[in-house]
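The values are calculated or read from the model by the stated rules, or taken from the named source; none is laboratory data. Since the structure is predicted, the reported quantities are computational estimates derived from the model, not experimental observations. Neighbour counts are summed over all protein chains in view; Cβ atoms, including those assigned to glycine, are modelled from backbone coordinates with ideal geometry. What goes into the accessible areas is simple: the full protein's heavy atoms, side chains included, and nothing from ligands, DNA or RNA. Shrake-Rupley method; radii C 1.70, N 1.55, O 1.52, S 1.80 Å.
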Amino acid sequence: MTMPSHEQTASSQSSQVHPAPAEPLEPEPASSASSSASEDPGVRARRREFAALLGEFRRTPVLVPLGGGPGPDAERGLLTADFNGIRFILAFSDEQALARYAVACGEAGREWAYQTILGARLLDVAVPAAGVPCGVALDCADGENGMVFPPLGGIVPDEVAVDREEGVA
């Protein structure tokens with residue numbers, strides 16, 4: 001999958017790149033379809049927190065390394081990892097997060113070609129183009145500080161969400 005974007009390379013010794021600052025978010029009220037009056041207040045708070053994080057991710061440019069393989073960078077796909085039958089596009093908030101991933105993979109010594117892509121473009125264009133259940137893993141080498149955007153309705157387009165009702169277009 002090739003997406004128009006600015007391509008760069010990074011090594012584990014690179015200086016930090018800061019994503020564009022996101023606008024402050026107003027928490028979105030939980031929809032009546034996804035919550036009820038009897039829903040635990042903690043669950044509602046976590047849903048609002050996730051909605052705020054999702055909104056911020058959608059507005060933020062992230063670094064997406066190009067997958068391995070022969071050929072020029074323009075012909076290489078985005079770096080992905082499969083987990084339990086779901087493909088995840090690996091994205092990083094900055095070069096330092098990408099460098100931590102390179103160290104965790106034992107590949108800190110090589111340069112990493114990457115594209116800078118808006119989070120919304122990953123979720124709305126790259127995920128459907130994968131052709132298999134696909135989500136996005138942000139800063140996956142950062143443990144609890146990483147974030148996973150699974151292929152669920154409300155996160156990715158409904159037509160590629162794994163939780164959609166069968167027969168619904």
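Structure above, values below:
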item: Complete set of residues in the stretch 78-113 that are within 12 Å of A141 (Cβ to Cβ) and without any contact (Cβ under 8 Å) to a residue 40 or more places away in the chain; result: A104, C105, G106, E107
item: Residue, nearest to L78 (Cα to Cα), within the stretch 46-63, restricted to residues that are touching a residue at least 60 places away in the same chain (Cβ under 8 Å) and open to solvent by less than 30 Å² (accessible area, probe 1.4 Å); result: V62
item: Sole exception among (1) outside any strand (DSSP E or B); (2) surrounded by 20 or more Cβ atoms within 10 Å (Cβ to Cβ) for G131, by number; result: (2)
item: Residue in the stretch 55-70 that is among the β-branched types (V, I, T), in contact with a Pro (Cβ under 6 Å, 6 or more places away or on another chain) and modelled with pLDDT of 95 or more present; result: yes
